Each structure stands twice: as structure tokens, then as C-alpha cells.
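A quick write-up on the structure given underneath.
The values are calculated or read from the model by the stated rules, or taken from the named source; none is laboratory data. Not measured: the values here are computed from a predicted model. Every residue, glycine as well, gets a Cβ built from its backbone with ideal geometry; the counts of neighbours run over all protein chains shown. Protein only, heavy atoms only, side chains kept; ligands, DNA and RNA dropped before computing areas. Shrake-Rupley method; radii C 1.70, N 1.55, O 1.52, S 1.80 Å.
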Amino acid sequence: MLAKVFSASVMGIDAYPVEIEVDVARGLPTVIVVGLPDAAVRESRERVKSAIQNCGFKHPVRRVTISLAPADTKKEGPGFDLPIALGILAASEQLKPENLNDYYICGELALDGAVRPIKGVLPMAIYARQNGKKGFIVPCSNASEASVVSDLPVYPVTCLSQAIDFINGDSAIVPHRINPEEMFKESHEHQVDFSDVRGQENTKRAIEIAAAGGHNVIMIGPPGSGKTMLARRIPTILPPMTLDESLETTKIHSIMGLISSGQSLITTRPFRSPHHTISNSGLIGGGTFPRPGDVSLAHNGVLFLDELAEFNRQVLEVLRQPLEDGEVTISRAAGSVKYPARFMLIAAMNPSPSGYEYDPRQPNSCSPAQVQKYMSKISGPLLDRIDIHLEVAQVHYKDLSSKQNGEPSAAIRERVIKARKIQNERFRRSKFFCNAHMTTSAVKKYCELSHDSQSILNNAMEQLGLSARAYHRILKLARTIADLASSADIQTPHILEAIQYRSLDRTRFFA
């Protein structure tokens with residue numbers, strides 16, 4: 001007898017349907033899986049057989065053929081265990097096959113029949129809703145994640161027997177429901193706050209500008225000057241995530257299996273801080289079956305690269321595409337996938353191998369040639385894509401010992417949100433939402449300068465040898481500074497402040 005079960009798998013961040021056909025026929029007892037299965041799918045034969053028997057049902061002692069369609073797409077992961085088991089039971093007349101066509105089904109099986117969570121449930125649930133099935137049967141631990149999708153009944157199951165009884169109509173399962181909008185109303189407290197930062201007023205001002213416009217930042221300063229401390233507090237001043245941003249971010253984390261049991265949505269902006277020994281595929285994504293890297297896991301959040309000069313130069317150079325396009329394309333022989341990667345890059349590094357170049361309070365043992373070699377690890381094209389260059393000085397004892405707290409994150413965040421609202425209104429008919437992502441035509445339209453400002457910027461271009469990309473970065477920064485000041489036009493002070501954030505373009509850093 002032939003039975004069909006509908007499931008899904010993930011390619012990139014989107015799901016595609018997988019139709020599982022199970023045929024039980026006469027012949028020597030064997031189980032054959034076709035349709036380009038990987039090792040985990042092939043091994044499902046043993047898991048499914050044990051689960052069926054340990055739940056009190058009979059595994060057919062006949063020739064069982066399992067086909068996973070489309071046959072030309074590689075199938076991976078243990079998420080087909082539950083639908084395969086139900087297909088075998090339906091084909092062997094131990095389950096009512098007519099009810100199977102009403103649901104999408106996924107889940108991994110333990111040997112005792114328990115249903116374990118799988119990766120990528122959220123994009124599967126989105127696909128299931130789009131294709132008009134009665135519901136989605138998922139592992140209980142994935143129910144909250146799948147329930148984010150509205151108008152899709154999600155039926156959580158804990159074991160194979162429960163799924164069989166539900167399909168046969170012998171028992172009912174109450175659909176799992178949550179209200180995603182309620183999750184955004186809850187307060188999200190951070191463990192850190194900008195009030196902890198003493199001194200560094202100029203640096204905090206620059207970081208506020210970066211958060212208001214979504215600009216990339218590089219901080220250069222000696223060890224202990226507070227670069228990491230500042231970077232880890234940036235998410236506390238970013239605007240709250242919208243539902244669309246949250247869904248897109250959650251999809252990426254879902255396919256990596258980073259959604260904890262019972263969690264439904266990622267409602268706080270991600271902060272990723274990979275070690276400097278990370279590989280190309282770890283940062284950008286890749287592998288035999290392409291998976292997103294840290295740049296995609298930081299989508300809609302912050303990617304912090306500490307000790308930037310210690311990263312492999314080849315690894316840093318692959319950042320160019322996501323910084324420019326906001327997405328990553330990974331190509332393999334079987335095809336290519338795209339992952340979103342729109343993030344704020346926050347980089348930190350020392351000014352020299354010893355860390356104390358230009359610090360009058362510490363001796364520097366590095367020669368000019370060593371400093372030049374160290375700084376040249378960061379290429380010019382990469383620096384061009386970083387809007388704000390900051391020199392972070394050591395904090396004075398007077399500031400450290402002060403009992404007065406700094407300005408709290410909440411106050412800074414209010415100004416950032418106000419500036420972002422101005423940008424949202426400005427770009428309401430565009431595909432981007434903040435100044436850092438403006439196209440060349442948008443810069444020309446929204447960043448007009450007065451004659452005096454044009455003269456100042458022209459002198460800066462000639463004296464600093466700025467590239468065309470750096471020119472546009474300055475205009476975008478000036479637009480953000482004007483937005484923070486609630487100014488409709490870019491004034492001369494705004495363009496002057498923007499120019500000072502291009503310190504790495506000066507010859508003191510590069511010979």
C-alpha cells in the first residue's frame with residue numbers, strides 16, 4: 001500500500017515542501033530511502049523502526065520504499081523521522097491515511113518514541129500557513145516558535161503514540177497559541193547600561209550618532225580604555241525591534257538551532273562577538289550544506305570584532321559584501337543561497353602591537369615600521385566601509401573615581417528613537433530605513449549642502465585624500481547628526497563634526 005505525508009525542509013532562510021511517499025510491498029524485509037538523503041536521514045530507518053516497535057505498533061516485515069520529493073534536492077537532518085514513521089504506519093494500515101494530507105508534520109524520534117525538537121521550525125511554519133493546510137504537527141519544544149505564525153493551528157506532540165491517536169481521531173490536541181505583539185510590550189532589561197561608563201564623553205557622543213543612523217564604527221585605543229565596555233552597551237540604546245525584524249532574525253537563529261525550548265521570538269537585538277581565530281565560513285557562513293555565519297546571526301543587531309588587527313586578513317576582506325549589500329551569497333556546486341546580514345559593525349583595536357602608541361603615560365616599544373605593519377592589516381577598502389573612526393583615550397583617574405553616574409542608556413535611547421522616526425518618515429517609500437543604508441541617489445537628494453559646507457568638505461577631501469566612498473560616508477553621518485539636532489538641513493557644524501570622525505584617513509596612521 002502507498003501512503004503520502006507532507007513535511008518541509010529549509011534552504012537558506014526559507015522552507016520548501018518535501019513530499020514523503022512510503023510504499024510497503026512484497027519482497028525481502030528491507031527499508032530503502034531515496035531522494036538524496038544525507039547520513040542523518042538514512043539513519044532514520046533504525047530510529048523509526050525502534051520507535052514504532054517501542055510504542056506498541058508493528059514495523060512491517062516487508063520491502064519498504066521511502067521516497068523524498070523533490071528527488072533532486074539534498075535532504076538533511078532528523079526532522080523527517082516523525083512523518084516517515086506515520087507514513088509507514090499508514091502504508092501498513094495501522095493509521096488512517098486520509099487524515100495525513102491535512103497537516104504538515106516534522107520531528108525527530110527517540111528510540112522510545114519520544115518526539116525531539118528540530119531546527120528551522122519557524123520558516124517551515126511560515127510555509128505551512130501559505131499553503132493552506134489544516135495545521136502543523138511539531139515537537140512540543142518547538143510549539144512556541146511555530147505559534148508565532150498567525151492563522152496556523154500548531155499541534156504539539158510529545159511522542160509518536162500521541163501523534164497516531166491525533167491522526168486517527170482517537171484524541172484531541174489543543175492548538176498552541178501565543179500573541180507575538182504581547183511579547184514586545186514586555187520590558188527587556190539589559191544587564192549593562194551606559195551609566196556605568198565614566199568619562200569618554202566624545203566617544204559616547206559618536207556611538208550615539210552611530211546608533212541613530214545605523215553607522216559602522218571602529219575604535220582605536222590602548223588596552224583598558226573601555227572599548228569593549230562601550231561596545232557591549234550599544235544594544236541598550238538601539239531602537240526596539242519591529243515584528244518584521246524579529247521574525248527575520250528569529251528565522252536565522254531557528255535554522256541554526258539557537259532558539260531555546262519554549263522561546264518563540266527574538267525580541268532584543270542580537271549582539272555577536274566572534275573570537276579573532278574565526279574562519280571564513282564561521283564569520284560569513286558556508287559548509288557542505290550552507291549555514292549562516294556570525295554576520296547573519298547579527299542581522300538587525302551588532303557584530304563586534306574585538307582586536308580587529310588579530311583577525312586573518314582574508315576573513316576581514318570577506319566582510320565587504322555584507323557591509324555593502326546587507327546580505328551574504330554562498331555558492332556551492334549544488335546551488336547558491338542568500339542570507340540577510342544587515343548589522344552594525346563595531347570594531348576595536350590597539351594603535352600598535354604593544355597597545356600604547358600615542359599614549360604619553362606608557363612607554364611604547366614598537367618602531368614606526370612595526371606600527372605601520374600592524375595598522376596595515378586593515379585594508380583601505382574595508383576602512384572606507386566604516387563610517388566612524390574613533391580614537392579612544394585612557395580614562396582619567398578623576399573620571400574613574402567620580403561617584404556621579406554617566407547618562408543612562410534610556411535617555412540616549414530616546415534621542416536615538418526620535419532620530420530614527422525622522423528617518424523612517426523620510427524613507428517610508430524606500431527599501432531602507434536609516435541613513436547608513438542610503439543609496440547614492442538618496443544621498444544626493446537628502447544631503448544637500450550649503451556653499452560654505454561644500455567648501456569645507458572639498459578642503460577635507462583634498463587634504464585627507466578621501467575616496468568617493470568616504471565622501472558619501474561623511475554626508476550620511478552629517479545627515480544623522482542633523483537628525484539628532486532635529487534640523488531639516490545639514491548645517492556647517494554638522495559637516496565639521498562628521499569630518500572629524502574620519503581619523504584613520506589621516507597620514508599619522510598610515511605612512
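Screening the candidates 449, 466 for the property of being over 19 Å from residue 206 (Cβ atoms) and open to solvent by less than 60 Å² (accessible area, probe 1.4 Å) yields one hit, 449.
Could you please find all residues in region 91-111 being modelled with pLDDT of 95 or more and either more than 23 Å from residue 145 (Cα to Cα) or of a type in the set (A, V, I, L, M, F, W, C) (or both)? Across region 91-111, the qualifying residues are 105, 106, 109, 110, 111.
The set of residues in region 329-346 being without any contact (Cβ under 8 Å) to a residue 24 or more places away in the chain and either within 18 Å of the chain's Cα centre (by Cα) or within 18 Å of residue 217 (Cα to Cα) (or both) consists of 329 alone.
List the number of the failed condition for residue 160; all other conditions in (1) over 21 Å from residue 255 (Cα atoms); (2) open to solvent by 10 Å² or more (accessible area, probe 1.4 Å); (3) in contact with a helix residue (DSSP H, G or I) (Cβ under 9 Å, 6 or more places away or on another chain) hold. Among (1) over 21 Å from residue 255 (Cα atoms); (2) open to solvent by 10 Å² or more (accessible area, probe 1.4 Å); (3) in contact with a helix residue (DSSP H, G or I) (Cβ under 9 Å, 6 or more places away or on another chain), residue 160 violates only (2).
Quick grid of which residues meet (1) at positive phi; (2) out of contact with any Leu (no Cβ under 8 Å at 6 or more places or on another chain); (3) of a type outside the set (S, T, N, Q):
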residue	(1), (2), (3)
250	no, no, no
259	no, no, yes
271	no, yes, yes
278	no, yes, yes
295	no, no, yes
310	no, yes, yes
328	no, yes, yes
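Restricting region 418-444 to residues that are part of a helix (DSSP H, G or I) and surrounded by fewer than 17 Cβ atoms within 10 Å (Cβ to Cβ) leaves a set whose member that is farthest from the chain's Cα centre (by Cα) is 444.
Only residues that are in a helix (DSSP H, G or I), over 22 Å from residue 239 (Cβ atoms) and hydroxyl-bearing (Ser, Thr, Tyr) were counted in region 466-486, giving 1.
Counting residues in region 392-409 that are open to solvent by less than 60 Å² (accessible area, probe 1.4 Å) and under 16 Å from residue 481 (Cα atoms) gives zero. Of (1) part of a loop (DSSP other than H, G, I, E, B); (2) without any contact (Cβ under 8 Å) to a residue 40 or more places away in the chain; (3) surrounded by 14 or more Cβ atoms within 10 Å (Cβ to Cβ), residue 174 satisfies all except one. Which? With (1) part of a loop (DSSP other than H, G, I, E, B); (2) without any contact (Cβ under 8 Å) to a residue 40 or more places away in the chain; (3) surrounded by 14 or more Cβ atoms within 10 Å (Cβ to Cβ) applied to residue 174, the lone miss is (3). The one condition from (1) open to solvent by less than 30 Å² (accessible area, probe 1.4 Å); (2) modelled with pLDDT of 90 or more that residue 180 does not meet is (2). For region 110-127, indicate whether the set of residues that are touching a residue at least 60 places away in the same chain (Cβ under 8 Å), acidic (Asp, Glu) and closer than 23 Å to residue 41 by Cα is non-empty. Yes - at least one qualifying residue is present in region 110-127. Residues that are buried (at least 17 other Cβ atoms within 10 Å of the Cβ) and farther than 11 Å from residue 67 by Cα within region 12-24 comprise 12, 13, 15, 24, listed in sequence order.
Which of the residues spanning region 1-11 are under 17 Å from the mean Cα position of the chain (by Cα) and crowded, with 20+ Cβ neighbours inside 10 Å?
Just the residues of region 1-11 that are under 17 Å from the mean Cα position of the chain (by Cα), to begin with: 10-11.
The one that is under 17 Å from the mean Cα position of the chain (by Cα) and crowded, with 20+ Cβ neighbours inside 10 Å: 10.
Scanning region 487-511 for residues that are at pLDDT 90 or above and farther than 19 Å from residue 204 by Cα, we see that the one that is least open to solvent (accessible area, probe 1.4 Å) is 490.
Residues that are hydrophobic (A, V, I, L, M, F, W, C) and open to solvent by less than 30 Å² (accessible area, probe 1.4 Å) within region 56-68 comprise 64, 66, 68, listed in sequence order. Within region 363-391, restricting attention to residues that are in a loop (DSSP other than H, G, I, E, B) and not polar (S, T, N, Q), the residue that is most open to solvent (accessible area, probe 1.4 Å) is 363.
When the residues of region 331-343 are filtered to those that are part of a strand (DSSP E or B) and open to solvent by 10 Å² or more (accessible area, probe 1.4 Å), the one that is modelled with the lowest pLDDT is 335. Name every residue in region 188-245 that is within 20 Å of residue 268 (Cβ to Cβ), surrounded by fewer than 16 Cβ atoms within 10 Å (Cβ to Cβ) and charged (D, E, K, R), in order of residue number. Matches in region 188-245: 189, 196, 244.
What are the residue pairs meeting all of these: first residue in region 310-328, first residue in contact (Cβ under 8 Å) with a residue 40 or more places away in the chain, second residue of a type in the set (D, E, K, R) and open to solvent by less than 40 Å² (accessible area, probe 1.4 Å), Cβ atoms under 9 Å, and 6 or more apart or on different chains? The qualifying pairs are 319/385; 320/385; 323/385; 324/385.
Being closer than 27 Å to residue 49 by Cβ, assigned to a loop (DSSP other than H, G, I, E, B) and aliphatic (A, V, I, L, M), is that true of even one residue in region 148-161? Lay out the reasoning, then the answer.
Filtering region 148-161 down to residues closer than 27 Å to residue 49 by Cβ leaves 155-161.
Then keep just the ones that are assigned to a loop (DSSP other than H, G, I, E, B); that gives 158.
Next, only the ones that are aliphatic (A, V, I, L, M) stay: none.
No - not one qualifying residue is present in region 148-161.
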